[in-house]
Amino acid sequence: MDLPGNIGYPLFGDSSIEFVRDPHKYIQKRREQNGDIFRGRILNKPMVFVTSSSLACEMLQEKSSCFEMGYKEYIFELFDQNILFQEGCEWQESRLALDKVFSVEKVKEYLVIAKRIIGDFLSSQELPTGQPVAIYNTMKRLSTQLSMSLFLGVQPGHRREDKVSQLMTTHWRGIISVPVSMRLPGAWWKSGYSKALGAKQELVEVIEKQLESSPSVIASRVMQECPIKHQAVRNLLVFVSAVIPKALASLLTSFVIELAKPCNNKWLSAHENESQLDDVMLEVERLWPPFFGGRRLCSQASNVSDLVNSPAK
């Protein structure tokens, strides 16, 4: 049976702008018209939207063998081969290695380091009394410091801090730009994606130098558990890129905004109860996810809720 929805013609039928402006409105409108599964065209590619949690669960668990990682064609060049894109035995080996790095006991060690970094950051802030604070920018600075310290070993105030931060930003802009590497011959102009590829190479060089001089505890353990240096560096690039700081800053900002609402005053004491705080953070993440959607590429015919998806061509 044909899926509902309209994919339109290439370029002219693309609805990326409408989607980016208000994803919730885009999904809700088409869901009311077509149901839980419908077609559309995003980034000039035909896509099938699955908006039901139960159907998504069916896809990602029971029918997982029918689908592949869908973002590889967009951002692979910006990361190279790592645990995000690996499959089969290669993925299992990387997963087992990183599981050892992030075991429950070792994560407790990292939390002690993180609390120290957060304490130092808050002590250094000179917040004007009674004046509005740019919450997201503040949280982004904190998240960036946490990422550089925990995953790389570049501490606040280090001579490499500003350079690494700028490289992370340039690299991130490539992730969210059109994946086309382009520059004008004889001119200084480059596309955002082209700049991001250069930033990636510089980040790799920074990681390699840091591993040789003064790596963080996590970076040292990644190297220890991933004996192939190239693979370890590429996995660290995922952690050192701006993806994690952006996600954490978004989550913390949403947390502050939600608890500032009068209707949520009863949850202000959650910081005194770790279990309750976990519940509050999970609900904030549900309401305001740092990332949304999970693109998958259909590699073989699959039947989801009696609707048939055909392999991508």
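The values are calculated or read from the model by the stated rules, or taken from the named source; none is laboratory data. Quick caveat, the model's predicted, so the values are computed rather than measured. We place every Cβ from the backbone using ideal geometry, glycine too, and count neighbours over all the protein chains shown. Surface accessibility is based on the protein's heavy atoms, side chains included, excluding ligands, DNA and RNA. Shrake-Rupley method; radii C 1.70, N 1.55, O 1.52, S 1.80 Å.
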Tabulated pairs, segment 35-54, first free of Cβ contacts under 8 Å to residues at least 40 places away in the same chain and open to solvent by 30 Å² or more (accessible area, probe 1.4 Å), second part of a strand (DSSP E or B) and β-branched (Val, Ile, Thr), C-beta under 8 angstrom, 6+ apart or interchain: 39/48; 51/37
Segment 232-251 residues that are within 18 Å of residue 196 (Cβ to Cβ), paired with ones that are acidic (Asp, Glu) and not in a helix (DSSP H, G or I) (beta carbon under 8 Å, 6 or more apart): 234/80; 237/80
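What residue, among those in segment 91-125 that are among the small types (Gly, Ala, Ser) and in contact (Cβ under 8 Å) with a residue 40 or more places away in the chain, is surrounded by the most Cβ atoms within 10 Å (Cβ to Cβ)?
Taking segment 91-125 and keeping what is among the small types (Gly, Ala, Ser), we get 94, 97, 103, 114, 119, 123-124.
Applying the additional criterion that residues be in contact (Cβ under 8 Å) with a residue 40 or more places away in the chain yields 94, 97.
Working: 94: 21, 97: 19.
Top of the filtered list is 94.
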Counted residues, segment 78-89 - those being open to solvent by 30 Å² or more (accessible area, probe 1.4 Å) and in contact with a helix residue (DSSP H, G or I) (Cβ under 9 Å, 6 or more places away or on another chain): 4
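Can you find a residue in segment 44-61 that is touching a strand residue (DSSP E or B) at 6+ places or on another chain (Cβ under 9 Å) and of a type in the set (S, T, N, Q)?
In the first step, residues of segment 44-61 are kept if they are touching a strand residue (DSSP E or B) at 6+ places or on another chain (Cβ under 9 Å); the result is 46-52, 55-56, 58-60.
Of the ones still in play, those that are also of a type in the set (S, T, N, Q) are 51-52.
Within segment 44-61, one or more residues are touching a strand residue (DSSP E or B) at 6+ places or on another chain (Cβ under 9 Å) and of a type in the set (S, T, N, Q).
Give 75, 27 a once-over and let me know the one that is crowded, with 16+ Cβ neighbours inside 10 Å, of a type in the set (Val, Ile, Thr) and touching a residue at least 40 places away in the same chain (Cβ under 8 Å). Outline the logic, then answer.
On the way: 27 fails: touching a residue at least 40 places away in the same chain (Cβ under 8 Å).
It is 75.
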Pairs, first closer than 15 Å to residue 145 by Cβ in segment 159-173, second of a type outside the set (A, V, I, L, M, F, W, C) and not in a helix (DSSP H, G or I), C-beta under 9 Å, six or more apart: 161/155; 164/158; 168/241
Residue tally, condition open to solvent by 90 Å² or more (accessible area, probe 1.4 Å) and either closer than 24 Å to residue 70 by Cα or in contact with a Phe, Trp or Tyr (Cβ under 8 Å, 6 or more places away or on another chain) (or both), over segment 265-295: 4
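So, in segment 126-151, how many residues would count as being in contact (Cβ under 8 Å) with a residue 24 or more places away in the chain and open to solvent by less than 40 Å² (accessible area, probe 1.4 Å)? Walk me through it before giving the result.
Residues of segment 126-151 that are in contact (Cβ under 8 Å) with a residue 24 or more places away in the chain, as a first pass: 135-136, 139-140, 142-151.
Filter once more, keeping what is open to solvent by less than 40 Å² (accessible area, probe 1.4 Å): 139, 142-151.
Final tally of qualifying residues: 11.
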